[in-house]
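What follows is a set of notes on a single structure, which appears directly below.
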Amino acid sequence: MAEVNLDWTSLSFKYRKTDAIIVSRYKDGQWSKPEISKDFDFHFSAFAGIFHYANASFEGLKAFHGIDGKIRLFRPDENAKRLARSGKRLGMAYPSEEMFIEMCCMCVRENLAYLPPYGFGSSMYLRPVLLGVNPQLGIASSTEVLFCVMCAPVGTYSGAKILTPGTAVISRNYDRAAPNGTGSYKLAANYATSLYPYNMAHNQGYRELLFLDPATKTKIDEFGSSNFLAIKGNSYVTPLSDSVLPSITNKSLQAVAEDFGYTVEKRAVPVEELAEFDEVNACGTAVVITPICSVDDKLTLESTEIVKTYKIPSGDECGKASRKFYDRIRGIQDGLEEDTHNWCLVL
Ligand code: PLP
Ligand code: COI
């Protein structure tokens, strides 16, 4: 295994070339045998659906180098199921759970030099993608599909120190999803929709952009990169909404919260309830748990006038409950804590 000269302490969430990607193609009703490729450039038609109609879905999951030297993949079966759901929504072929997991394991094995060692708070992010590649002109689901698993060593999503709180702003005049749309599927198109308002929020210095339910704009949906979770007394509150991505991290944190004796409330969350929460976080594979210290509300993202700022009481610190949940989940991923829910796949 070739040594790579990386500073494991200063990784954020950036593209970094690794050794190999794992590729399979679906054509004429079957998937090809997954191949290890050192060539990171795909070759397919300029008429491929992915280029015109966003016939694409992706996933995100992580591999961890544990304190015991073991390599753990966190809940890959859940990502496989979610990709299958997205594939169905796009009307295109998707890999079986077994194939998905096998290709994720191959990707980790072929890029071992890039797996951050234990103790730096870093991990290997796996990015499976499903792309429609046959040439077409009219709007149609793809009949030929490329499934590829690639990876990169990562630290925190924002580049800030782990659990450093950041600010958020509410998106009142841009939606990431439509009512009865694809918000609950992990489709590439959802992210393209969010780029314009995201750029604006980032240029204004906000770390996160909080989207509302697109039908009534009165309830919290989720952040552009992650789910919303709040702590209120002994309750773990997270939005129940058709336009929110079903986050595997959120689902896992809910189980952890219940293990700690918290009540999990999955329900509509009115925007004004932001004034009542003790702790607010973004949660997801890339962001893990990212505390939010304040949320600005403006009539439009373009506006310079802030109508209201919700200051979250945990302020510049990560809240106590959130920290406890973070430590438990990271402990399970790092092999420090017993995996009582049987979440990790040991390679
Ligand atoms: N919401 C959105 C919009 C996301 O992109 C992600 C990331 O995958 C999540 C939530 C969190 O999902 P998960 O915890 O499965 O990574
Ligand atoms: C993830 O957390 O895996 C995501 O996909 C979020 C973002 C990087 C798109």
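The values are calculated or read from the model by the stated rules, or taken from the named source; none is laboratory data. Note that the coordinates shown come from a computational prediction; the quantities given were computed from them, not determined experimentally. A quick note on method: Cβ atoms are made from the backbone with ideal geometry, for glycine too, and the neighbour counts reach across all protein chains shown.
Quick look at the values:
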quantity: In the stretch 31-70, the residues that are within 16 Å of ligand 1 (Cβ to nearest atom) and either farther than 19 Å from Tyr185 by Cα or assigned to a loop (DSSP other than H, G, I, E, B) (or both); calculated: Ala54, Glu59, Gly60, Lys62, Ala63, Phe64
quantity: Filter pass, Ile170 being over 17 Å from Lys88 (Cα atoms), away from ligand 1 (no atom under 15 Å from the Cβ) and either of a type outside the set (A, V, I, L, M, F, W, C) or not in a loop (DSSP other than H, G, I, E, B) (or both); calculated: yes
quantity: Residue within the stretch 291-313 that is under 23 Å from His341 (Cα atoms), at pLDDT 95 or above and buried (at least 21 other Cβ atoms within 10 Å of the Cβ) present; calculated: no
quantity: Odd one out for Ser96 among (1) under 19 Å from the mean Cα position of the chain (by Cα); (2) within 16 Å of Arg25 (Cα to Cα); (3) more than 16 Å from ligand 2 (Cβ to nearest atom); calculated: (1)
quantity: Test: residue in the stretch 195-203 that is touching a helix residue (DSSP H, G or I) at 6+ places or on another chain (Cβ under 8 Å) and either in a strand (DSSP E or B) or of a type in the set (Gly, Ala, Ser) (or both); calculated: no
quantity: Residue count for the stretch 293-338, restricted to those that are closer than 15 Å to Leu253 by Cβ, touching a residue at least 60 places away in the same chain (Cβ under 8 Å) and not in a helix (DSSP H, G or I); calculated: 2
quantity: Residue within the stretch 122-142 that is touching a His at 6+ places or on another chain (Cβ under 9 Å), assigned to a strand (DSSP E or B), touching a residue at least 12 places away in the same chain (Cβ under 8 Å) and at negative phi present; calculated: yes
